Amino acid sequence: MDNSASKNNKQVTVSSGDISTKKTSDKNTAIQLDKKLKESEIRYRRLFETAKDGILILDFETGNILEANPFIVNIIDHPLNEVIGKKLWEIGLFSNKEESEQAFIELKINGYIRFEDMPIKRRNGHIVEVEFISNVYLENESKVIQCNIRDITKRKKAENALIQSEQNLKEQNSNYSNLNKEYAVLNDELSNSINRIQHINNDLIIAKVKAEESDQLKSAFLANMSHEIRTPMNAIIGFSDFLLQPGLSQKEFDRYIQIIRASSQQLLSIISDIVDISKIEAGQFSIIKENVDINNLMNELLLIYKKIGGTKKLKLRLFTDRPDNLAQIKTDGNRIKQIFCNLLNNAIKFTKEGEIEFGYKTKANFIEFYVKDHGIGIAQKDQVIVFEHFTQAKAANGVLNSGNGLGLSISKALVEKLGGTIHVDSELGIGSSFIFTIPYANKT
């Protein structure tokens, strides 16, 4: 055998010994690892069993409880055999199934979930405050979920006690501050008492002046009203006596009847105004809304007042800005008509010649009605008071105009009841424009 063969045989022998030694070493290493793993498992189990926090191990796919330590069993007051295999909500950790399932979905997505203050319900019905933290981790290459539940009831009580203590301190400080403020207010009230008495005296003086003015207005109103009522009453009584005279012609009879009828209507109008103003002041005035064809209403007024204005040779003109098929609104048609009658009567009364225009325009969410005349007009200082009860604008010579002074105040109350406003633009000797608006409501 040559040297080369000898060398090869020697190398084979050494290599076999190394393999044997390595196997022995690997076996020893495996034994040591197994021993350490068992020791680690024992330590983990000891920690798991003795932990001062509740611990639950959940199946990652189903959420079923796989393990539970004694602490969590004690917290929820459920035996271990009733915990294993259950869902969290079934042992009181969530208030309902939907809330638990939503939290489980969030945990699987994010791998972590935490509730700093979570009330759980024990089997006996008592509520325990806990901190709930849950993580996803790998165990033997499989995902599992570990939930740590810490009882924070004592901490919550301490926090609540601290909050209450702080609240009590704040209340004490607030009470002290309030006392100081009260003392300051008392001092201010004492120092200002003389000024208050003086103000009261001034208010009494002003109230007295206003009461005297009101009495004067009412006296003037009653005197004027007495005249307004007597005028048609005298006509009714006088011409009724004429009807009793023998030998009356048919022409005279018809004329007297017409005068009596016109005077009766005038008297009825005065009485109606008094009744209306009484209802308004008593809060018994009502509005009845219904579907109204506003163009028909305007045309009716035009026919009526053309005849009335014709006796004074006045021209009446009507303006409407909506076609008949779009002229239906929801409002109180009778009250709209009553307002126009008051305004048109005044326009005809105070216009000697020329034209009177009335009608409406639609603007966004309201309708603007108006009556425009070329009459005597109203002074600037009287334009504010013409809508008040028992007041009338004076003519240019300073004498009160005829009428009961209630028409415009009634119109103002009606407009406001309909949800609108009314005002006047006027100039002495030029004419007046009375404008009122109501909300625009389509027919429904």
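Using 0.36 nm per residue and subtracting the Cα-Cα separation, the extra length available between Ile308 and Gln265 on full extension is 14.1 nm.
How about the stretch 76-181: which GluC sites (Glu not before Pro) there are in a DSSP loop, with at most 10 other Cβ atoms within 10 Å of their Cβ?
Details: sites: Glu82, Glu90, Glu98, Glu99, Glu101, Glu106, Glu116, Glu129, Glu131, Glu139, Glu141, Glu159, Glu166, Glu171; in loops: Glu141.
Listed in order of number, the matching sites are Glu141.
When the Kirkwood radius is taken over all Cα pairs of the stretch 281-391, what Stokes-Einstein diffusion coefficient follows at 10 °C and 1.306 mPa s, in µm²/s? Could you put the intermediate results ahead of the total?
On the way: Rh = 15.5 Å.
Diffusion coefficient, whole number: 102 µm²/s.
Kindly state, to the nearest 0.05, the FRET efficiency for Ile57 paired with Ile163, given R0 = 30 Å and r defined as their beta-carbon distance. After rounding, the FRET efficiency stands at 0.25.
If a spin label sat at a point 7 angstrom from the Cα of His199 along the line to its beta carbon, the backbone N atoms of the stretch 163-186 nearer than 17 Å would be those of 185-186.
The share of C-alpha pairs in the stretch 135-197 whose separation exceeds 15 Å stands at 75 percent.
Here are some pairs, Lys330/Lys417; Lys352/Lys412; Lys312/Lys361; Lys307/Lys417; Lys330/Lys372; Lys97/Lys121; which of them have Cα atoms lying more than 20 Å apart in this structure?
Working: Lys330/Lys417 14 Å; Lys352/Lys412 25 Å; Lys312/Lys361 28 Å; Lys307/Lys417 30 Å; Lys330/Lys372 25 Å; Lys97/Lys121 14 Å.
Violating the 20 Å limit, Cα to Cα: Lys352/Lys412; Lys312/Lys361; Lys307/Lys417; Lys330/Lys372.
Shown are Leu326, Leu316, whose ranking by accessible area with a 1.4 Å probe and every protein chain present, most to least, is Leu326, Leu316. Using θ = phi - 60° and the Karplus form 6.51 cos²θ - 1.76 cosθ + 1.60, what ³J(HN,Hα) does each residue of the stretch 304-309 get, whole Hz, x for Gly and Pro? Coupling constants for the stretch 304-309: 5, 7, 5, 5, 5, x Hz. Over the Cα atoms of the stretch 305-359, the radius of gyration divided by the Kirkwood radius equals 1.03; this is the Rg/Rh ratio. Across the stretch 86-121, the residues whose backbone nitrogen lies under 19 Å from the label position 7 Å along the beta-carbon direction of Phe48 are 86-88.
In a simple Cβ point-charge model (Lys, Arg +1; Asp, Glu -1; nothing else charged), the stretch 270-371 has a dipole of about 320 debye relative to its Cα centre. Between Lys143 and Asn299, the distance separating the two model label sites (each 7 Å from Cα on the Cα→Cβ line) works out to 7.9 nm. Considering only the other residues whose Cβ falls under 15 Å of the Cβ of Ser142, what net charge follows from Lys and Arg at +1 and Asp and Glu at -1? Result for the local shell: -3. Figure legend: label point modelled 7 angstrom from the Cα of Asn365 along Cα→Cβ; residues of the stretch 409-440 with amide N under 17 Å from it are 418-421, 437-440.
The values are calculated or read from the model by the stated rules, or taken from the named source; none is laboratory data. Just so it is clear, the model here is predicted, and its values are computed rather than measured. When we count neighbours, we look across all protein chains shown, and the Cβ atoms used for this are built from the backbone with ideal geometry, even at glycine. These area figures cover heavy atoms from the full protein model, side chains too; ligands, DNA and RNA do not enter into them. Shrake-Rupley method; radii C 1.70, N 1.55, O 1.52, S 1.80 Å.
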